[in-house]
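Peer 1: So that we are looking at the same thing, I have put the structure below in structure tokens.
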Ligand code: RIB
Ligand code: NA
């Protein structure tokens, strides 16, 4: 089977509380709303690509528990291929405790659990799917060595790679840059990786230059309401791609919606300029910030304007 998008990454059950503000140390506050949803950066990206019409497969590990069983059903409900979704009794399905404030901002604690047990053996089993895919996407909510191995396997087969270094680690293995056709992170991840402040478009352009030097094919730094900056190997200056201003309800997973959409565009329109893909991916992600929850807020192709396809 040939897949448009292969994601090697995480699944988390999101336990989301909405509160007026984030609690302080030692403090208990009342929240207004709660939901249990499907999350995890890898799965989020995969689900968004699938909802836009990409043929997707997920390579991941969940626990042999209620959350794990439900997660597999969620993939099936979204048309994601599940042959490479493993279940283990050695750890629980990953969970994320998420608090969202009135401004739509969040604070998240993840316990990765079963995600950390995804190993090179499972990648080898999935090699036929990896090597024939159009695009591979990886993040950092699984063992980083497994992510790096997956990206390198994809590159050896000339599969386009998108790497999202999230959550960011300060001592990122230099191999990740070389294994990334598109290195896509947000402003805080860019700060951590470059050691310089990234609070506006100008600083993001500087950080993109620095990251590009480390060996990736292109860099995208997402900037929330300011859109993103895109820097390609052949070009010496970054393009700022603005986005539409909206009132944010919940920005959790907006970056994942962007990356899932980007993967879809790279698979379906391989010759489209990267800035145009980023512009369209911004339009998809902006829908997601206007509703509560992570995957619950991701749009389907049918609800989006035709001009995005
Ligand atoms: O990027 C958003 C995701 O980060 C959430 O779904 C949560 O599971 C955490 O992994
Ligand atoms: Na949302």
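The values are calculated or read from the model by the stated rules, or taken from the named source; none is laboratory data. Everything numeric in this text was worked out from a predicted model, so none of it was measured. Every residue, glycine among them, receives a Cβ derived from its backbone with ideal geometry; neighbour counts consider all protein chains shown.
Peer 1: What about residue 170, is it surrounded by fewer than 24 Cβ atoms within 10 Å (Cβ to Cβ) and either in contact with a strand residue (DSSP E or B) (Cβ under 8 Å, 6 or more places away or on another chain) or in a loop (DSSP other than H, G, I, E, B) (or both)?
Peer 2: So residue 170 passes the test.
Peer 1: Determine if segment 212-227 includes at least one residue that is closer than 19 Å to residue 192 by Cβ, free of Cβ contacts under 8 Å to residues at least 24 places away in the same chain and either within 15 Å of ligand 2 (Cβ to nearest atom) or out of contact with any strand residue (DSSP E or B) (no Cβ under 9 Å at 6 or more places or on another chain) (or both).
Peer 2: yes
Peer 1: Condition test on residue 263, is it assigned to a helix (DSSP H, G or I), under 14 Å from residue 48 (Cα atoms), more than 16 Å from ligand 2 (Cβ to nearest atom) and over 18 Å from the mean Cα position of the chain (by Cα)? Walk me through it before giving the result.
Peer 2: Working: assigned to a helix (DSSP H, G or I): yes; under 14 Å from residue 48 (Cα atoms): yes; more than 16 Å from ligand 2 (Cβ to nearest atom): yes; over 18 Å from the mean Cα position of the chain (by Cα): no.
Taking the combined requirement at face value, the residue does not satisfy it.
Peer 1: Within the bounds of segment 88-98, is there any residue that is touching a strand residue (DSSP E or B) at 6+ places or on another chain (Cβ under 8 Å) and within 16 Å of ligand 2 (Cβ to nearest atom)? If you could, list the steps in order and put the result at the bottom.
Peer 2: Taking segment 88-98 as the starting set, the residues that turn out to be touching a strand residue (DSSP E or B) at 6+ places or on another chain (Cβ under 8 Å) are 88-89, 91-98.
Filter once more, so that each one left must be within 16 Å of ligand 2 (Cβ to nearest atom): 96, 98.
Taking every residue of segment 88-98 in turn, at least one turns out to be touching a strand residue (DSSP E or B) at 6+ places or on another chain (Cβ under 8 Å) and within 16 Å of ligand 2 (Cβ to nearest atom).
Peer 1: So residue 222 clears everything in (1) at positive phi; (2) touching a helix residue (DSSP H, G or I) at 6+ places or on another chain (Cβ under 7 Å); (3) surrounded by 16 or more Cβ atoms within 10 Å (Cβ to Cβ) except one condition, right? Which one?
Peer 2: Unmet condition: (1).
Peer 1: Based on this model, can you work out whether residue 79 counts as closer than 26 Å to residue 144 by Cα and in contact (Cβ under 8 Å) with a residue 12 or more places away in the chain?
Peer 2: Details: closer than 26 Å to residue 144 by Cα: no; in contact (Cβ under 8 Å) with a residue 12 or more places away in the chain: yes.
Criteria not met by residue 79.
Peer 1: Kindly indicate whether any position in segment 59-71 is buried (at least 24 other Cβ atoms within 10 Å of the Cβ) and either within 16 Å of ligand 2 (Cβ to nearest atom) or closer than 26 Å to residue 304 by Cβ (or both).
Peer 2: Yes: one or more hits.
Peer 1: Now, a different point. Of all residues in segment 12-55, count the ones that are within 9 Å of ligand 1 (Cβ to nearest atom), more than 11 Å from the chain's Cα centre (by Cα) and under 15 Å from residue 84 (Cβ atoms).
Peer 2: 0
Peer 1: Restricting attention to segment 235-247, and to residues there that are buried (at least 18 other Cβ atoms within 10 Å of the Cβ) and in contact (Cβ under 8 Å) with a residue 40 or more places away in the chain, which single residue is farthest from ligand 2 (Cβ to nearest atom)?
Peer 2: Selected residue: 241.
Peer 1: Still on this structure: What is the number of the single condition among (1) under 14 Å from residue 8 (Cβ atoms); (2) surrounded by 16 or more Cβ atoms within 10 Å (Cβ to Cβ) that residue 205 does not meet?
Peer 2: The one condition residue 205 does not meet is (1).
Peer 1: So which residues in segment 27-66 are within 23 Å of residue 289 (Cα to Cα), out of contact with any helix residue (DSSP H, G or I) (no Cβ under 6 Å at 6 or more places or on another chain) and not in a loop (DSSP other than H, G, I, E, B)?
Peer 2: Those that are within 23 Å of residue 289 (Cα to Cα), out of contact with any helix residue (DSSP H, G or I) (no Cβ under 6 Å at 6 or more places or on another chain) and not in a loop (DSSP other than H, G, I, E, B): 33, 34, 35, 36, 39, 42, 43, 46, 50, 51.
Peer 1: Hey, does segment 124-132 have a residue that's assigned to a loop (DSSP other than H, G, I, E, B) and touching a strand residue (DSSP E or B) at 6+ places or on another chain (Cβ under 7 Å)?
Peer 2: Yes, there is a match, as at least one residue in segment 124-132 is assigned to a loop (DSSP other than H, G, I, E, B) and touching a strand residue (DSSP E or B) at 6+ places or on another chain (Cβ under 7 Å).
Peer 1: Another question, then. Any residue in segment 148-174 that's under 15 Å from residue 186 (Cα atoms): show its pairings with residues that are at pLDDT 95 or above and surrounded by fewer than 14 Cβ atoms within 10 Å (Cβ to Cβ) at Cβ separation under 8 Å, as long as the two are six or more apart or on different chains.
Peer 2: The qualifying pairs are 168/188.
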